[in-house]
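The values are calculated or read from the model by the stated rules, or taken from the named source; none is laboratory data. Note that the structure is predicted; figures quoted are calculated from it, not measured. We place every Cβ from the backbone using ideal geometry, glycine too, and count neighbours over all the protein chains shown. When the accessible area is computed, the model is the full protein with side chains, heavy atoms only, and any ligands, DNA or RNA have been set aside. Shrake-Rupley method; radii C 1.70, N 1.55, O 1.52, S 1.80 Å.
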Protein chains: 2
Amino acid sequence: MARAATTSDVFNAIAEPQRRQILVLLRAGERPVTEVAQELGMTQPGASKHLRVLREVGLVRVRGAGKQRLYGLDARGLRPVHEWTGGFEQFWNESFDRLDAYVQELKQAQQEE
Amino acid sequence: MARAATTSDVFNAIAEPQRRQILVLLRAGERPVTEVAQELGMTQPGASKHLRVLREVGLVRVRGAGKQRLYGLDARGLRPVHEWTGGFEQFWNESFDRLDAYVQELKQAQQEE
DNA sequence: TTGTCATATTCCGATATCGGCATATGATTG
DNA sequence: CAATCATATGCCGATATCGGAATATGACAA
């Protein structure tokens, strides 16, 4: 088998740095593809493709505005990611100290050998 | 160019469902590879590979315990992800209502045509 | 040292990714 | 309708991924 599809999966969609940049940019408001490409220093087709992925996972919405198509943020899909990582909150404080303790114990044990 | 490396990037590391499962499992405590594989229904080499990636991005630590190697969680690397998504918190509430409003306006506009 | 259990690595095939370039499709205006 | 601007798609090459199977490496015990 091969790799998981980036489409239809928010975790994969935001694994791409450029796509994260796009999302951040869109926090400032809707923008047409060209402007996204320009502001982030990517090609128009490049931006278009990334926006397609973001649209497919539902992180972005489009609406036609005359000749243009305005892309806007729909951040609701990021919530599950936030919550998933939040499930580890207690572990990046308290619990890790224990692990650190283990490591120190090990170092000592090695020195005593 | 090709795809970004999953190694040395937490966002990519957690884009893999099985790796997320491993992290969740390890919240319950340290475990040897074999046990991880068994509890999650994957092969030993499979688990080993995923754990390698997680180790390389620093989400997991190993310590030798006799014949075994115990893998333990180091969730600190998840914090940036939590914070990054947290930067969109206001957008998955308030701000999206505006976008919804737009959509409704558009639907109306279309009906009036 | 040899055997045995635990884990890591290697090689492979199928596939999906991302970027670049050219081009097709779309919408609008004259 | 033709011209134009805006955007999307298609095709390509290079590469990395994931899973599977076999095998190598490691650690310990007898």
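With every protein chain present, what accessible area does A:D9 have (1.4 Å probe, heavy atoms only), rounded to the nearest 10 Å²?
30
Mind checking which chain A residue has its Cβ closest to the axis relating A to B, and how many whole Å off it is?
Nearest Cβ to that rotation axis, in whole Å: A:A15, 2.
Expressed in nm to one decimal, what extension gain is obtained for the pair B:E35 and B:Q90 from 0.36 nm per residue of sequence separation less their Cα-Cα distance? Provide the component values of the computation, followed by the final result.
Details: separation 55, 0.36 × 55 = 19.80 nm, distance 4.07 nm.
Computed gain between B:E35 and B:Q90 is 15.7 nm.
A plus B alone minus the pair: what accessible area, both sides summed, probe 1.4 Å, in Å² to 100? Numbers along the way, then the final one.
Values: alone 8420 and 8420 Å², together 13040 Å².
For chain A against chain B, roughly 3800 Å² becomes buried.
Tell me the per residue accessible area of the stretch A:1-73 using a 1.4 Å probe; a whole number in Å² is fine. List each step's numbers first, then the result.
Values: 3830 Å² over 73 residues.
With all protein chains present, the stretch A:1-73 gives 52 Å² per residue.
Give the share of C-alpha pairs in each 5 angstrom bin for the stretch A:11-54, from 0 to the last occupied bin, in whole percents, shortest bins first.
With a bin width of 5 Å, the distribution comes to 6, 24, 40, 23, 7, 0.
What FRET efficiency do you get for B:R52 and B:R27 if R0 is 22 Å and r is their Cβ-Cβ distance, rounded to the nearest 0.05?
Working: r = 20 Å, r/R0 = 0.89.
My answer for the efficiency is 0.65.
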